[in-house]
1. Go through (1) exposed (fewer than 14 other Cβ atoms within 10 Å of the Cβ); (2) touching a Leu at 6+ places or on another chain (Cβ under 8 Å); (3) closer than 13 Å to E106 by Cβ; (4) not acidic (D, E) one by one and return the number of the condition R132 breaks.
2. Is it the case that some residue within the stretch 185-203 is at pLDDT 95 or above, of a type in the set (S, T, Y) and in a helix (DSSP H, G or I)?
3. Quick test of your reading of the structure: A52 fulfils all but one of (1) modelled with pLDDT of 95 or more; (2) out of contact with any helix residue (DSSP H, G or I) (no Cβ under 9 Å at 6 or more places or on another chain); (3) surrounded by fewer than 16 Cβ atoms within 10 Å (Cβ to Cβ); (4) among the small types (G, A, S). Name the failing condition by number.
4. Please go through the stretch 1-29 and pick out each residue that is surrounded by 15 or more Cβ atoms within 10 Å (Cβ to Cβ), among the aliphatic types (A, V, I, L, M) and not in a strand (DSSP E or B).
5. Among the residues of the stretch 156-165, is there at least one that is surrounded by fewer than 20 Cβ atoms within 10 Å (Cβ to Cβ), part of a helix (DSSP H, G or I) and free of Cβ contacts under 8 Å to residues at least 60 places away in the same chain?
6. What residue, among those in the stretch 65-99 that are over 14 Å from the mean Cα position of the chain (by Cα) and among the polar types (S, T, N, Q), is surrounded by the fewest Cβ atoms within 10 Å (Cβ to Cβ)?
7. Can you find, within the stretch 27-48, the residue that is nearest to R147 (Cα to Cα) among those that are in contact with a Pro (Cβ under 7 Å, 6 or more places away or on another chain) and not hydrophobic (A, V, I, L, M, F, W, C)?
8. Considering only the stretch 115-125, state which residues are surrounded by 19 or more Cβ atoms within 10 Å (Cβ to Cβ) and either touching a strand residue (DSSP E or B) at 6+ places or on another chain (Cβ under 6 Å) or free of Cβ contacts under 8 Å to residues at least 24 places away in the same chain (or both).
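The values are calculated or read from the model by the stated rules, or taken from the named source; none is laboratory data. Everything numeric here is computed off the predicted structure, so don't read it as measured data. Positions of Cβ are backbone-derived with ideal geometry, glycine not excepted, and every protein chain shown enters the neighbour counts.
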Amino acid sequence: MIDVVLPVLNEAEALPWVLGRIPDGFAPIVVDNGSTDGSGALAERLGAQVVAELRPGFGAACFAGLEAAQADVVCFMDCDGSLDPRALLSVAAAVVNGSADLVLGERRPAPGAWPLHARLANRLLALELRRRTGLKLRDLGPMRAARRESLLALGIADRRFGWPLEMVLRAQRDGWRIVEVPVEYLARSGRSKVTGTVRGTLRTAADMGRLLR
């Protein structure tokens with residue numbers, strides 16, 4: 001069994017579709033990060049394990065899910081309907097077979113799925129990451145897989161939007177084999193708290209820029 005950590009903040013609209021497409025052999029852990037739309041209760045009714053994390057922040061939710069996980073291999077993905085859970089099969093495969101230590105889903109956006117300001121910010125961040133580390137990454141996508149104990153040993157400290165980047169930086173520092181696989185990126189349900197606004201994108205870029213410095 002592979003655990004899937006799903007950070008959630010008011011995603012009741014997308015939850016049935018996401019949880020309904022979790023592949024066999026994967027167990028969803030929904031981390032409710034202060035939802036006011038009943039997301040946590042809905043996820044429980046749909047059969048998911050639910051963890052309540054009252055500390056605000058994407059990284060806080062991811063870390064709470066990682067601590068709650070029991071499986072050797074753990075995946076992470078957004079729960080807003082922008083990523084198809086069926087892609088977890090290809091993302092987790094290289095970790096399961098031992099050919100990679102960290103696998104990132106490189107987003108291939110459907111038309112209109114990724115706002116221009118967010119796409120440009122992600123591209124610039126990936127360029128800077130390649131320049132500083134030599135890693136040949138094109139995306140810092142939220143769908144990813146690694147082994148639980150190894151992730152805990154990285155000592156990721158960020159509890160905000162810098163969590164995904166810090167994971168990659170610390171993994172690179174420790175000599176992990178990091179690879180990307182393509183995943184389809186869909187138009188999400190509702191508006192993203194991160195990429196749906198320029199303000200959210202700037203806040204994310206600021207957190208990640210601080211880590212790069």
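1. Every condition holds for R132 apart from (3).
2. No, because not a single residue in the stretch 185-203 is at pLDDT 95 or above, of a type in the set (S, T, Y) and in a helix (DSSP H, G or I).
3. Exception for A52: condition (2).
4. Correct list: L9, A12, A14, L15, V18, L19, I22.
5. Checked the stretch 156-165: no residue is surrounded by fewer than 20 Cβ atoms within 10 Å (Cβ to Cβ), part of a helix (DSSP H, G or I) and free of Cβ contacts under 8 Å to residues at least 60 places away in the same chain.
6. Ranking the candidates gives N97 first.
7. N33
8. Of everything in the stretch 115-125, just one residue is surrounded by 19 or more Cβ atoms within 10 Å (Cβ to Cβ) and either touching a strand residue (DSSP E or B) at 6+ places or on another chain (Cβ under 6 Å) or free of Cβ contacts under 8 Å to residues at least 24 places away in the same chain (or both), namely N122.
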